[in-house]
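The structure appears below as structure tokens.
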Amino acid sequence: MAQIKKKVTKPAKVETQLPQITFDYNNMMASHIGEEGLRLADFETSKDDYKSAFNYVKMHRGTEWLRWTELPYNQLEKRGEEQSIVSEILETAKQIRKDAEYFVVLGIGGSALGPMAVFQALCNLRHNDLKRAKRGAPKFYVEDNVDPERMNSLFGVIDLKKTVFNVITKSGSTSETMSQFLIIWDILKAEFGDEAKNHIVATTDAEKGNLIKIAKKEGIKTFVVPDGVGGRFSELCPVGLLPAAVLNIDIKKLLKGAAAMDKRCKDADIKTNPALAAALTSYLAMKRGKNVSVMMPYADSLKLIADWYCQLWGESLGKNVTLDGTAVNVGQTPVKALGVTDQHSQIQLYTEGPFDKIITFISVENFRSDIVIPKSAQEYPNVAFLAEHTMGELIKTELLATEYALMKNKRMNATIKLPEVSAYTIGQLLEFFMLETAYAGALLNIDTFNQPGVEEGKNATYALFGRTGYEEKAFEINSAPKKLGAFIV
Ligand code: PA5
């Protein structure tokens, strides 16, 4: 029988839309939550403030402590005759993937939270449990504490011969990271002698601190944390890019996503600049006593993005003096939560507790995989209604339900929407949060980029350990009130 040929018409070439994240703040507004919410008039009254905050960031970008704003561009650019930083990272990462079965980051704070967050967002959630062929990259560990039990347990799961360590410290002098480095370096030297340097890469300042001196002396491969890029703003330089590249994450897409967000934030217009809209709504909320900022992603892959955000927001905005020297105590306590898990532990408080918080959800439109809930137990109506829905539908529906419950109870909440979790959208998300933080700091008129409170703790540790040069600090600590037995039961 003759075959009937179907006429095939070639579909017209459609320009593929790149996935774009959005910031939805409907539920911050009086139109949705009544008298607790913000009004358009509030935006009008704050116009001068947010325009000057925008201009402050615009004027300082690429200079001083705002050099991180250039990372989405300059990490990809050739450096004169030299290849770009990204190319150098990709080369090193390829070699590490070839040589290593374990890749271990030693770092803390901004030198650890970004690598952890991006790993969890963009690698398989059970990465370390997969067979090598499926993983396509070494197992990944981030040692961001000096708990001796934890460090000892690491030695129980890695094989030193197949391990590469990446010690990351901007200052090159943080006690926690340097003590980890000294332990690991000692072991590597004892085990491999002159070959020890093949098991470690250092990411640190080009000149400052001790790590760079040791690395140069010992011939350890180094990457530079650029000037003007503070720890919590450093994910898009070698601090985050090397671990991500080792894990086969597309770091060029990560940077392109960040650049795309940066370009969307080029006007002082809250209708088009999502980071400015987010900063302004948070700032106005702070002025109304919302002292807590809950970050609640509805996806396990984004759980550690909330941890990264908490450091960024807390350390940047928690300050006791304005830029002109006036004493203040500003900031918002960041709290991390996970949807839906924490609906069963925290949401009761958020819905009915004090009116002191804003809740920001992060939603994902398309999960990378999904599972259908089977049609069984139909005789039980209390579970039958779940049948043939997917888990993805359920998690998204629960988010809508939670948003609704909060709105009904007049609780300020907003949602950052990701069409998907990919290197491109995560790049956008990181840049969004960093710009939002920079704008919020400018609105509060504080130094967003210092951390004297953290330095105080670091210096006190040096003093208590008897470091030379910290004698005065040691005296100060010894003169502080002693703990009294009367208050210990
Ligand atoms: O954001 C910051 O600057 C800090 O949290 C640092 O990242 C943290 O203290 C670690 O510092 P370093 O990278 O110098 O070891």
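The values are calculated or read from the model by the stated rules, or taken from the named source; none is laboratory data. None of the values given here were measured: they were computed from a predicted structure. For neighbour counting, all protein chains shown are included, and Cβ atoms are generated from backbone atoms with ideal geometry for every residue, glycine included. Just the protein is used for accessible areas: all its heavy atoms, side chains included, with ligands, DNA and RNA removed. Shrake-Rupley method; radii C 1.70, N 1.55, O 1.52, S 1.80 Å.
If a/c stays under 1.5 just call it rounded; otherwise compare a/b with b/c (prolate if a/b is bigger, oblate if not). Do that for the range 74-186, with a ≥ b ≥ c from the square roots of the Cα gyration tensor eigenvalues. Oblate shape, in that a/c is at least 1.5 and b/c is the bigger or equal ratio. In the chain, the DSSP-assigned H stretches of four residues or longer account for a calculated mean residue ellipticity at 222 nm of -13500 deg cm²/dmol, using -39500 (n - 2.57) per stretch and the full residue count as denominator. DSSP finds beta bridges in the range 65-252, and of those with both partners inside it, around 5 percent are antiparallel. Near Ile212: Cβ cut-off under 15 Å, other residues only, Lys/Arg at +1 and Asp/Glu at -1. The net charge is +3. Accessible-area rank, largest first, for Thr402, Thr461: Thr461, Thr402, with all protein chains present and a 1.4 angstrom probe.
A simple count of charges around Val105, restricted to other residues whose Cβ falls under 13 Å of its Cβ and scoring Lys, Arg +1 and Asp, Glu -1, yields -3. Between the range 443-489 and the range 247-320, the C-alpha centres lie 30 angstrom from each other.
If you sort Thr326, Thr92, Thr63 by accessible surface, 1.4 Å probe, largest first, the order is Thr326, Thr63, Thr92. Please report the antiparallel percentage of the DSSP beta bridges confined to the range 289-428, to the nearest 5. The antiparallel proportion sits near 15 percent. In terms of Cα atoms, the Rg and Dmax of the range 163-302 work out to 19.8, 61 Å. Between Pro226, Ala277, Ala245, the Cα set farthest toward the positive side of the dipole of the range 215-305 (charges on each charged residue's Cβ, about the Cα centre) is that of Ala277.
Looking at the chain alone, DSSP beta bridges between its own residues are antiparallel in about 15 percent of cases. Indicate the gyration tensor shape class of the range 333-374 (rounded, prolate or oblate), computed on the Cα atoms with a ≥ b ≥ c the square roots of the eigenvalues: a/c under 1.5 is rounded; otherwise a/b larger than b/c is prolate and the rest oblate. Prolate shape, in that a/c is at least 1.5 and a/b is the bigger ratio. For the chain, the share of accessible area belonging to carbon and sulfur comes to 54 percent (1.4 Å probe, ligands and nucleic acids excluded). Output the DSSP H helices from the chain with an along-axis C-alpha extent of no less than 24 Å and a mean Kyte-Doolittle hydropathy no less than -0.5. Counting only whole DSSP H runs, the qualifying helices are 175-192, 391-408, 423-444.
Using the heavy atoms of the protein chains alone and a 1.4 angstrom probe, what is the accessible area of the range 65-252 per residue in square angstrom?
Dividing the accessible area of the range 65-252 by its residue count gives 43 Å².
Exceedance of the 24 Å cut-off in Cα-Cα distance is limited, within the set Lys253/Lys396; Lys357/Lys396; Lys287/Lys417, to Lys253/Lys396; Lys287/Lys417. Per the Debye formula with a single identical scatterer at each Cα and no solvent contribution, what log10 I(q)/I(0) holds for the chain at q = 0.06, 0.11, 0.12, 0.13 Å⁻¹? For the requested q values the scattering log ratios are -0.32, -1.02, -1.18, -1.33.
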